[in-house]
């Protein structure tokens, strides 16, 4: 029987800057493993700032862009569009691939993370960002880990 | 601080005019090759489209005045890079070599309470105006242009108002620049909001007086963005004589 966790806080307190992941709140999210999986996403709160880094793939498993602390480093077919409280990443056909949005100290992720085989690893669904498969880490602080998905 | 140091700094500060946008501000030379630093909002026009995305237009007709001399300027940064937008800076290149420039201070050695001065061209002035104060605090605050990011800033009580944007905040001990004067503390905006609400309810000459006060309201603190953000930009001219 599946167990659903909602409204839990991993290494953050209410009011602090945090990410909303699968209806829970956390200071850290890692999807994939850098250098091991082709796709990778790291979202963390560092120095009171939301920092998102990673490699996004399109549904065909091709690299769209590399992001380093919210700034696109290499783009192989996407553009970044700034909004007053975040940004959107769009492919060359102007279709939205990913969005980062901050509201009331909560950072929301919107879009889909694809694996190299085109499988959906994580995706926003009904206003929540859901993780469908590991490897992933939700919450991290001083070497301690909140939830680890293998 | 010796008057000679201030005098040298003043020569490096110019008034920026964007003819196509009808807006102006301040800026300063950071090397002897004509690289000129200012705020991004001085040389851009920002709008938000119907889908909520920010549209940024850079001025195509910029000139910089030093007294009676005026020089054309071009924008040096990568317009596809959002770093200058987020941290509100812009590097220009002038078609003239400056007689003086302001060196960048060692930003790790700046302390709260140090004396600083600001140079700029506040509204209505065609000559550089110098004001002084202290570093009231070093703060990280959300970027006023994109709240996802935070900016390193110096809060100062040096007087600055419209037109000062883009001017240097200079440490008084050695005359080196530490930040770019960027915006007032929120308290001034709150006062302005209240005045704005009253403005709708009154008729001349009261509303003219309120408009005058709003234009020259300069009480309170001012934020200067730390030059650290600019130094991290690949477009920043390297090999400067800090």
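Here are a few things to note about the model shown:
- Residue match in the stretch B:136-146 (condition: more than 14 Å from every other protein chain (Cβ to nearest Cβ), under 24 Å from residue B:108 (Cα atoms) and touching a residue at least 24 places away in the same chain (Cβ under 8 Å)): yes
To keep it simple, each residue is scored yes or no on (1) within 14 Å of chain A (Cβ to nearest Cβ); (2) under 18 Å from residue B:126 (Cα atoms); (3) in a loop (DSSP other than H, G, I, E, B).
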| site | (1), (2), (3) |
| --- | --- |
| B:17 | no, yes, no |
| B:21 | no, no, yes |
| B:24 | no, yes, no |
| B:28 | no, yes, no |
| B:36 | no, no, no |
| B:47 | yes, no, no |
| B:51 | yes, no, yes |
| B:56 | yes, no, no |
| B:65 | no, yes, no |
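- In the set B:146, B:111, B:68, B:72, only one residue is more than 17 Å from the chain's Cα centre (by Cα) and within 30 Å of residue A:101 (Cβ to Cβ); that residue is B:146.
- Considering the stretch A:121-149, the residues that are in a loop (DSSP other than H, G, I, E, B) and over 18 Å from residue A:5 (Cα atoms) include one that is modelled with the highest pLDDT, namely A:135.
- Among the residues of this structure, residue B:125 counts as one that is away from every other protein chain (no Cβ under 14 Å) and within 23 Å of residue B:69 (Cα to Cα).
Rundown of residues vs (1) more than 28 Å from residue A:16 (Cα to Cα); (2) in contact (Cβ under 8 Å) with a residue 12 or more places away in the chain; (3) surrounded by 14 or more Cβ atoms within 10 Å (Cβ to Cβ); (4) in contact with a strand residue (DSSP E or B) (Cβ under 8 Å, 6 or more places away or on another chain), yes/no style:
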position	(1), (2), (3), (4)
A:108	no, yes, yes, yes
A:131	no, yes, yes, yes
A:135	no, yes, yes, yes
A:142	no, no, no, no
A:145	no, no, yes, yes
A:148	no, yes, no, yes
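- Odd one out for residue B:108, checked against (1) under 18 Å from residue B:177 (Cα atoms); (2) outside any loop (DSSP other than H, G, I, E, B); (3) in contact (Cβ under 8 Å) with a residue 40 or more places away in the chain: (3)
- Taken over the stretch A:14-30, the criterion of being at pLDDT below 90 and in a loop (DSSP other than H, G, I, E, B) is satisfied by A:14, A:15, A:22, A:23.
- Search result, residues across the stretch B:157-191 that are modelled with pLDDT under 90 and assigned to a strand (DSSP E or B): B:183, B:184
- Residue count for the stretch B:83-122 under the criterion of being more than 14 Å from chain A (Cβ to nearest Cβ) and closer than 13 Å to residue B:230 by Cβ: the result is 8.
- Selected residue [in contact with a helix residue (DSSP H, G or I) (Cβ under 7 Å, 6 or more places away or on another chain), within 18 Å of residue B:13 (Cα to Cα) and surrounded by 16 or more Cβ atoms within 10 Å (Cβ to Cβ)] from B:165, B:132, B:123: B:165
The values are calculated or read from the model by the stated rules, or taken from the named source; none is laboratory data. Being a predicted model, the structure only gives us computed values, none of them experimental. Heads up, the Cβs are rebuilt from the backbone with ideal geometry, glycines too, and the neighbour counts pull from every protein chain shown.
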